[in-house]
Amino acid sequence: MAPPVSGRDNPNRSLPERWRAAVESVKATSVRHGTALANGRLQSMKAGEIVLGFPPSAAFHKAAVTAAAGKATVDAALAAHFGRPVKLTIQDVGQAQEAHGLGLSISEQDSHSRATHEKITEGKVRSHASVRAILKMLGGEIEHIQVYEPERPPAVLTDVPTTPED
């Protein structure tokens, strides 16, 4: 009898959440290859098979995933995450192709989210009553606003065995 499958994937979560968790698992093994996967657009994810599309702008990341050493690293990390071997299929997709598959890559989503956050924060700072009052009093102007934000927390991996601390 085969041993029970033990992976970190939670099938009760949405596909984008499951994919983000899988990419975080790969990043824990290899930051380079996890980052490369994050630049691929998830086209489909079914039992034992993941289809990723890479636009022309992500050719460098596609090469990192399709090279022999990269493929072996990614395959091993995904197998460890899902608890079984996973077939990873790589496709070329158009730069503007968003409707097909599940949309933007994790990297594109994070970049868009960060840009939106910076724009909203800059608007709040520029329109804040205290900032406007001090600018009026000193006769100054705001040239640039640098938004600092903490690093995004990694995806929460459920059912990960913990080791007791001695």
Only residues in segment 45-68 that are farther than 16 Å from Val23 by Cα and in contact (Cβ under 8 Å) with a residue 40 or more places away in the chain count as the first member; pair them with residues that are assigned to a loop (DSSP other than H, G, I, E, B) and not polar (S, T, N, Q), Cβ under 6 angstrom, at least 6 apart or cross-chain, and list the lot.
Pro55/Val93
Selection status of Arg13, surrounded by fewer than 19 Cβ atoms within 10 Å (Cβ to Cβ), of a type outside the set (Gly, Ala, Ser) and modelled with pLDDT of 90 or more:
no
Quick check on this structure: which one of Val86, Val26 is over 17 Å from the mean Cα position of the chain (by Cα) and either within 26 Å of Val147 (Cβ to Cβ) or surrounded by 14 or more Cβ atoms within 10 Å (Cβ to Cβ) (or both)?
Val86
Run down Ala47, Ala36, Ala77, Ala64 and say which single residue is closer than 27 Å to Asn12 by Cβ, out of contact with any strand residue (DSSP E or B) (no Cβ under 8 Å at 6 or more places or on another chain) and surrounded by 14 or more Cβ atoms within 10 Å (Cβ to Cβ).
Ala77
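The values are calculated or read from the model by the stated rules, or taken from the named source; none is laboratory data. The shown structure was predicted, so the numbers you read here are calculated from the model rather than taken from an experiment. Glycine gets a Cβ as well: all are built from the backbone with ideal geometry, and neighbour counts include every protein chain shown.
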